[in-house]
Amino acid sequence: MAITEHKDVVCTFCGSLCDDLVVEVEDNKITKIKNVCKIGRNRLMHSQLDYAPLKVNGQEASLNDAYDEAARILTEAKAPLIYGLSSTTCEANREAIELTEILKGLIDNPSSYCHGPGVLARQFVGMPSCTLGEIKNRSDLIIVWGANPMESHMRHFSKYSVMAKGMYTPEGRKGRKVVVIDVRPTPSSKTADMFIQVTPGHDFEIASVLRAMLKGLRLEGLDDDSLVGGVPLSRWKEFIELIKASHYGVVMFGIGLTQSKGKDLNIEQIITLVDEINKFTRFYIMPMRGHANVNGCNQVLSWQAGYPLAVSYNKGYPRFNPGEFSVVDMLNRKDVDAALIIATDPGAHLPKSAVDYLKSIPTIVVEPTRNLSTPWANVVIPVAPAGVGVEGTYYRMDNVPLRLKKLVDFPYPSDVEVLRAIKERVSHVKNN
Amino acid sequence: MLKIINGQVYDPTNGVRGEVRDIFIENGKIVKPSSLSQADEIIDASGCVVMPGGVEIHSHIAGPKVNSARSMCPEDHYDHFKGSTSVSRSGTGYTVPTTYLTGYLYSQLGYTTAFEAAVPVLEARHAHEELNDTPMLDSGMYTLMGNNYMIMKILNEKDDIGRRERLRDMITWLLTSSRGYSVKVVNPGGVESWKWNQGGVDLDTPVPPFGITPRKILLELVKGVEGLKLPHSLHLHANHLGEVGNYKTTLETMHTLEGLRTHFTHMQFHSYGITKNNGIKSAAREIADCLNEHPEFTCDAGQIVFGPVTTMTADSPMQFRLHQMTGNKWINTDVEMETGSGIVPMRYSPSVLFNAVQWCIGLELLLLVKNPWQIVLTTDNPNAGPFIAYPSIIKLLMDKDYRKAMIEQLHPKAVRYTNLKDIEREYTMEEIAIITRSAPAKILGLSQKGNLKIGADADVAIYKLQKDKEKMFAQAKYVLKDGRVVLKDGQIVKSILGRRFVVEPDGCKTLLPDMVEDFNNYYSVQLSNFAVQDDYLLRSEVISCG
C-alpha cells in the first residue's frame, strides 16, 4: 500500500497550532508523525481508535434517529445549553451559534473556567500584544507567569519563544533573559535565568507593587528585605531593572493567574503593568490558550453575537453575562433543562455538582471518541475529528487563523454536518 | 423582468439628474427598456429618488482588529441589538456591530458594496471569514504593505530596474495571498519604527532595519501599483495622523506623489494646522486647494460624528498616543513581518474644542473640494464615527441653515480656528449621489457599480423624497441587490451573500525564490499555510487590471 505524506499539517491539540507536522498515512491509517510533541502525537495517533458509539438512550441507532432525537430534545427544552466548541472548527461554531439562536438557547465554551478571566480583564483595560512571530523575531525578555509551557505547550519554547531564533534574535536562548514566576518549581522554571517562586494568591499584590516600583513611587513600610508574595523586595527590584533594560519583552501567562484568587483582577493588574512599561520600552502580554481552537470559538461568538463567551439568546438576541450565562454557574443553578455538548468532555472537566446535574437532564454529545461523557449521554453522535478527518479553520493563541487539513477518511460525518442536520430539523419544528 | 417606474433617477455617471425614468432589470443587471417583455414585478417609485446602491470605500467592518474591538467592548453592544426574523439573524453593537448586523445596517442606508480598509496578509483569512458572515454587501479588502519587511528589503536594493520588477512581484504575491483588492499603506515606516521604540517618522526619516525612508516607500509603492494597473489606486493613510500641524506632512506627501494616482483616506485627520500656542486650527483650505489643483488625487472625508467611537487602525503608535491621552483601554497587536495595529474606544464631544475643530475641518473639506468626484463621504467607520451617521452628514451638507445652527452648539472658540461658518455651499442631490456611490465606484475601478447604465449590476436604492434629508437617507424605501428586492420599508426581506472582489495582477503569484529563506526563518507559519485558500471565497469576482 502506498504511503501518503502530508506536509505542513496543523496540530489540533493546544493553542500553539504548530503547522509544520509531517504525517504519514498508509491504508487510511496514520502511521508516523514528525515535528510533533508528545501530546500532539498521542492525540493524532489515537484519533482513529475508540470511536464514540452512535446511540440513542443506550441503544444502537441510525444517524437519522440520532438527529431526530437530538432535535426533539432541543426543541422541547425551555432553556437548552449548547456547550464545548473549543476543539472543533470555526465553521462548526458558526452552525452551533445559529442553532442556539433558533432555539433561543444559551451558549458557552470552556474559556469561562480557563482563560475567560483574561478575556474579561481585556474588556476592562484592553491588552497590548503581538503575534508569536514577533516574540521569535524580537523578544529579548520573556516572563512566564502562572504557566508551564514545557508540559502544556511543549513546542512553544523552541518554536516561538524562549529558544526560538529569529530576525533580531539570532542567538536564540542565549540572547534572551527568561523569568518564570510560579508557586512551585516546574520543568519551565528550570529553563529560567530567574525563577521567582511566589506564595499562592499574591499575584495582584505583586503586580501592584511592581507598578509602583516602575513609577518610582515610595513604598511606605517596605524595605529591601520585606516580602511581597513571599519574595524580598530587593529581588523584585532586580526584576524591574530587567524589564526596564529590555527592548521587546513579553509576558506569557497561564491559568495559574486566571484561576487563582483574584482571577480577572490579577490579569487586569498585570495588563496595566504591561501598559505602563510601554512608556519605557515595547512590552506585550499573551494568554497561553489551552484547547487548540478555544480562541476560535471566542472569535466566532464575537463576530456573530458581539460577545466572546457566556451568551444567552433566550430573548431572541444575544445577551452577555459571565456568571449568569457561564456553563458551570448555569449547571449548578439548574438553569438549563437540556444540553448539546460539542467537542469537549464535561464528564472529565466540570465540577462534580455540575456533571451530576448534566446527567439528570437530556444530553446530546457530539464527539469523535469515547470519553467520560459518552457513557451516560442520552444521544451520542460520533464525528470525524477536525484537522484529521475534516478541514476547517482554527485560531492560534495570538489570533492567527490557520486552515486544518484532512488526513484520513472517517466513517462519520463532520460536526458541521451534524449541526446542520439538527438545525434543519429544529427549524422545521419551529416553523410549523 | 423587474421595472422601477415613476422615480426621479440620479445616475451621475450617465448625466441623469433627477429626470423621471423607468429602470428595467433582468438577471441581476440593468437592461434596455423594453416594451416587449412583460414585467414580473413593478415597483412604483413615485415621489422617490432612485440611485445606484451606495458604495463604501473605507470602513473597518471585518477582521482581527474589528473583532478584537467587539470582544473588548460589551458596553458598545448592550443597548444596541436586533432580534432574529425569519429572514435575518440577530446581532448587537453600535460602533462595532456584529457581522450580520453590519450588513443589515448598510442595507438600510441603501448601500450595497463595502470595502474593509486594512488587513494584514497573515490574518486575511479572518477578514474573509467575517465577510462571509456579512450579508447584503459585495465586498473586498485592502492589503497592508507600508511597513512590510520584505517590501522594505526590496526597496533597499540598488539595481533600479531589477528592484521595480521584484517589487511588482512582491505586491502581486501579497495581494493574491491575502485575496486583497488594493494596496493599503498606513503611516509608512512609522509602525516599524514603533516596534523599535523610536518616535514618529517624517517623510525623510530613515526607518529600521534598512534605513528606507517613508518617501521612498510611498513613491515606489504608488508606482508599483500604477505599473500593475490595479483597478484602485494606492490607498494611503499618511504619516502623523491626528497630530496638530500635520497638514504640512500631508501637503508634502501630495507634492511627492504629484502626477501619480493616489487615494488619501480620512483626509480630515490629516488637515490640521497649528496655532501659536500649539493648538489645533483648520488647514482644510490648504489641503482642498491642493486637491483642486490635482485631479489625480482623490480622498475620503473621515468626518467626525459626535458621540462614542471605537478607534482602530494599523497605526499602532498613533493608537498608543490616544491611549496615553485619554487613559482609555487599549489593544495593540504587532503583526510579524507586516504591520501593527491598535484599538482605543473614545468619544467626540461638541463641547471639547479639539473635537469641535475636527468636526468643522471634515465638513470644510467636503465643501471646499470643488469636484465631488474627488471626495467620498466616509467616517473612517468606526474611527471618526459610525457609518450609520451618514444621513446626518448628508443633511449637514445639503442644508446650510441646519449646519449653521449646529455650529452654534460647538465649543464657542471653534469658529476662531475654522472657516466653516463662512461657507455657503449646499450639496445638490446629484452631488450626494456622487460622493456616496458614483465617485467611490469610479475610484475603486468598479465600472458595474455606482451607476445605472445598461449592463451594470442591478444594485439600486430607492429613497422617499423628504424635506429632512437625514430622515430621507436613514431608511431606504427599497433596496435591490443583484436585481432582487432585499429591503423594503427599512426591513430586510431577503438576505443574500455578496461577491468578494479580488484582483489578479500579472506579477509573479509565488514568493520570490530568494525570499523563501526569510519567510521560513522569520514568519511563525509555514509558507504553504500562508495564502488564503479558495475555501474562503464563496462567491468571488475578479476585477481586471488595466
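Residues that are free of Cβ contacts under 8 Å to residues at least 40 places away in the same chain, surrounded by 14 or more Cβ atoms within 10 Å (Cβ to Cβ) and assigned to a helix (DSSP H, G or I): does region A:42-57 have at least one?
Step one: of region A:42-57, the residues free of Cβ contacts under 8 Å to residues at least 40 places away in the same chain are A:42-43, A:45.
Those left that are additionally surrounded by 14 or more Cβ atoms within 10 Å (Cβ to Cβ): A:43, A:45.
Okay, now just the ones that are also assigned to a helix (DSSP H, G or I), so A:43, A:45.
So far as region A:42-57 goes, yes, one or more of its residues are free of Cβ contacts under 8 Å to residues at least 40 places away in the same chain, surrounded by 14 or more Cβ atoms within 10 Å (Cβ to Cβ) and assigned to a helix (DSSP H, G or I).
Quick one: in region A:382-402, which of the residues that are of a type outside the set (Val, Ile, Thr) and facing chain B (nearest Cβ under 10 Å) is surrounded by the fewest Cβ atoms within 10 Å (Cβ to Cβ)? I'd like the intermediate steps shown before the answer.
The first filter runs over region A:382-402 and keeps only residues of a type outside the set (Val, Ile, Thr), leaving A:382, A:384-387, A:389, A:391-392, A:394-399, A:401-402.
Within this subset, residues satisfying the condition of being facing chain B (nearest Cβ under 10 Å) are A:391-392, A:395-396, A:398-399, A:401-402.
Working: A:Glu391: 16, A:Gly392: 25, A:Tyr395: 28, A:Arg396: 25, A:Asp398: 29, A:Asn399: 23, A:Pro401: 25, A:Leu402: 25.
Filtering region A:382-402 for residues that are of a type outside the set (Val, Ile, Thr) and facing chain B (nearest Cβ under 10 Å), the one surrounded by the fewest Cβ atoms within 10 Å (Cβ to Cβ) comes out as A:Glu391.
Report whether or not B:Lys329 is under 26 Å from B:His77 (Cα atoms), surrounded by fewer than 24 Cβ atoms within 10 Å (Cβ to Cβ) and touching a helix residue (DSSP H, G or I) at 6+ places or on another chain (Cβ under 8 Å).
Considered against the rule, which asks whether it is under 26 Å from B:His77 (Cα atoms), surrounded by fewer than 24 Cβ atoms within 10 Å (Cβ to Cβ) and touching a helix residue (DSSP H, G or I) at 6+ places or on another chain (Cβ under 8 Å), B:Lys329 comes out as yes.
Only one of (1) hydroxyl-bearing (Ser, Thr, Tyr); (2) modelled with pLDDT under 95; (3) crowded, with 24+ Cβ neighbours inside 10 Å fails for B:Ser35. Which number is that?
(3)
Filter region B:509-542 for residues that are in a helix (DSSP H, G or I) and under 26 Å from the mean Cα position of the chain (by Cα); which is surrounded by the fewest Cβ atoms within 10 Å (Cβ to Cβ)? Full working, then the answer.
First, the residues of region B:509-542 that are in a helix (DSSP H, G or I): B:513-522, B:527-529, B:534-536.
Narrowing the set further to residues that are under 26 Å from the mean Cα position of the chain (by Cα) leaves B:534-536.
Values: B:Asp534: 9, B:Asp535: 14, B:Tyr536: 20.
Taking the candidates together, the pick is B:Asp534.
Is region B:352-367 home to any residue that is in contact (Cβ under 8 Å) with a residue 60 or more places away in the chain and part of a loop (DSSP other than H, G, I, E, B)?
Looking for residues that are in contact (Cβ under 8 Å) with a residue 60 or more places away in the chain and part of a loop (DSSP other than H, G, I, E, B), one finds none in region B:352-367, hence no.
Mind listing whichever residues of region A:312-321 are crowded, with 24+ Cβ neighbours inside 10 Å and touching a helix residue (DSSP H, G or I) at 6+ places or on another chain (Cβ under 6 Å)?
Scanning region A:312-321 gives a single hit, A:Tyr313.
Evaluate region B:535-542: report whether one residue or more is acidic (Asp, Glu), farther than 19 Å from B:Met170 by Cα and more than 14 Å from chain A (Cβ to nearest Cβ).
yes
Just one of A:Ile206, A:Ile142, A:Ile181, A:Ile196 is within 27 Å of the chain's Cα centre (by Cα), β-branched (Val, Ile, Thr), at pLDDT 95 or above and farther than 19 Å from A:Gly230 by Cβ; which is it?
Step by step, each of A:Ile206, A:Ile142, A:Ile181, A:Ile196 is checked, and only A:Ile142 is within 27 Å of the chain's Cα centre (by Cα), β-branched (Val, Ile, Thr), at pLDDT 95 or above and farther than 19 Å from A:Gly230 by Cβ.
Taking strands (runs of 3 or more DSSP E) that fall entirely within region B:21-82, which contain at least 1 residues that are more than 30 Å from B:Lys184 (Cα to Cα) and more than 10 Å from chain A (Cβ to nearest Cβ)?
B:29-31, B:41-44, B:48-52
Restrict the check to region B:455-472 and report whether at least one residue is at pLDDT 95 or above, surrounded by fewer than 21 Cβ atoms within 10 Å (Cβ to Cβ), away from chain A (no Cβ under 14 Å) and under 18 Å from B:Leu105 (Cβ atoms).
Within region B:455-472, one or more residues are at pLDDT 95 or above, surrounded by fewer than 21 Cβ atoms within 10 Å (Cβ to Cβ), away from chain A (no Cβ under 14 Å) and under 18 Å from B:Leu105 (Cβ atoms).
Looking at (1) within 23 Å of the chain's Cα centre (by Cα); (2) touching a residue at least 40 places away in the same chain (Cβ under 8 Å), which one does B:Arg70 not meet, given that it meets all the others?
Here B:Arg70 clears every test but (2).
Could you list all residues from region B:326-356 that are away from chain A (no Cβ under 13 Å) and among the aliphatic types (A, V, I, L, M)?
B:Val352, B:Leu353, B:Ala356
So for region B:484-494 (the condition being more than 14 Å from every other protein chain (Cβ to nearest Cβ), touching a Pro at 6+ places or on another chain (Cβ under 9 Å) and not basic (Lys, Arg)), does at least one residue qualify?
yes
Look at region A:133-144 and say how many of its residues are surrounded by fewer than 24 Cβ atoms within 10 Å (Cβ to Cβ) and touching an Asp or Glu at 6+ places or on another chain (Cβ under 9 Å).
Residues that pass the stated criteria total 1.
If you go through region B:210-218 one residue at a time, do you hit one that is out of contact with any strand residue (DSSP E or B) (no Cβ under 6 Å at 6 or more places or on another chain), within 14 Å of chain A (Cβ to nearest Cβ) and farther than 20 Å from B:Met318 by Cβ?
Yes, some residue in region B:210-218 is out of contact with any strand residue (DSSP E or B) (no Cβ under 6 Å at 6 or more places or on another chain), within 14 Å of chain A (Cβ to nearest Cβ) and farther than 20 Å from B:Met318 by Cβ.
Considering only residues that are of a type in the set (Gly, Ala, Ser) and within 20 Å of B:Thr436 (Cα to Cα), look in region B:271-301 and name the one that is surrounded by the most Cβ atoms within 10 Å (Cβ to Cβ).
Looking at the filtered set, the residue picked out is B:Ala301.
Name every residue in region B:83-98 that is polar (S, T, N, Q) and either in contact with a strand residue (DSSP E or B) (Cβ under 8 Å, 6 or more places away or on another chain) or facing chain A (nearest Cβ under 7 Å) (or both), in order of residue number. Full working, then the answer.
First, the residues of region B:83-98 that are polar (S, T, N, Q): B:84-86, B:88, B:90, B:92, B:95, B:98.
B:Ser84, B:Thr85, B:Ser88, B:Ser90, B:Thr92, B:Thr95, B:Thr98 - these are the residues of region B:83-98 that are polar (S, T, N, Q) and either in contact with a strand residue (DSSP E or B) (Cβ under 8 Å, 6 or more places away or on another chain) or facing chain A (nearest Cβ under 7 Å) (or both).
Out of the residues in region B:111-132 that are part of a strand (DSSP E or B) and within 27 Å of B:Ala458 (Cβ to Cβ), which is nearest to the other protein chains (Cβ to nearest Cβ)?
Here the answer is B:Glu116.
Consider region B:311-351. How many of its residues are part of a strand (DSSP E or B) and either over 30 Å from B:Arg416 (Cβ atoms) or among the acidic types (Asp, Glu) (or both)? If you could, list the steps in order and put the result at the bottom.
Quick first cut of region B:311-351, residues part of a strand (DSSP E or B) only: B:311-313, B:330-335, B:339, B:342-348.
Imposing the further condition that a residue be either over 30 Å from B:Arg416 (Cβ atoms) or among the acidic types (Asp, Glu) (or both) reduces the set to B:312, B:330-335, B:339, B:342-343.
Matching residues across region B:311-351 total 10.
Step by step: first the residues of region A:288-315, then only those that are in contact with a Lys or Arg (Cβ under 9 Å, 6 or more places away or on another chain) and assigned to a strand (DSSP E or B), then the one that is farthest from the other protein chains (Cβ to nearest Cβ). Which residue is that?
A:Ser312
Working only within region B:470-484, note down all residues that are part of a strand (DSSP E or B) and over 15 Å from B:Gly54 (Cα atoms).
Matches in region B:470-484: B:Arg484 only.
Of the residues B:Ser107, B:Ser139, which single one is part of a helix (DSSP H, G or I), under 29 Å from B:Val493 (Cβ atoms) and not acidic (Asp, Glu)? Write out each step before concluding.
Working: B:Ser139 fails: part of a helix (DSSP H, G or I).
When all the criteria are applied, what remains is B:Ser107.
Of a type outside the set (Gly, Ala, Ser), closer than 17 Å to B:Tyr427 by Cβ, surrounded by 21 or more Cβ atoms within 10 Å (Cβ to Cβ) and touching a Phe, Trp or Tyr at 6+ places or on another chain (Cβ under 6 Å): does that describe B:Ile375?
So B:Ile375 does not fit the description; no.
Here is a check on your reading of the model: is B:Leu487 crowded, with 23+ Cβ neighbours inside 10 Å, on the phi < 0 side of the Ramachandran plot and in contact with a Ser or Thr (Cβ under 6 Å, 6 or more places away or on another chain)?
Values: crowded, with 23+ Cβ neighbours inside 10 Å: yes; on the phi < 0 side of the Ramachandran plot: yes; in contact with a Ser or Thr (Cβ under 6 Å, 6 or more places away or on another chain): yes.
Answer is yes for this residue.
Out of all the residues in region A:103-126, is one or more in contact with a Lys or Arg (Cβ under 9 Å, 6 or more places away or on another chain), free of Cβ contacts under 8 Å to residues at least 40 places away in the same chain and in a loop (DSSP other than H, G, I, E, B)?
no
Go through region B:133-164 and count every residue that is within 14 Å of chain A (Cβ to nearest Cβ) and closer than 30 Å to B:Gly211 by Cβ.
Number of matching residues: 7.
So which residues in region A:152-188 are in a helix (DSSP H, G or I), within 12 Å of chain B (Cβ to nearest Cβ) and touching a Pro at 6+ places or on another chain (Cβ under 8 Å)?
A:His156
Of the residues A:Pro149, A:Pro110, only one is at pLDDT below 95, more than 26 Å from B:Thr339 (Cα to Cα) and more than 9 Å from chain B (Cβ to nearest Cβ); which?
Residue meeting the stated conditions: A:Pro110.
The values are calculated or read from the model by the stated rules, or taken from the named source; none is laboratory data. The model shown is predicted, which means the values in this text are computed figures rather than measured ones. When we count neighbours, we look across all protein chains shown, and the Cβ atoms used for this are built from the backbone with ideal geometry, even at glycine.
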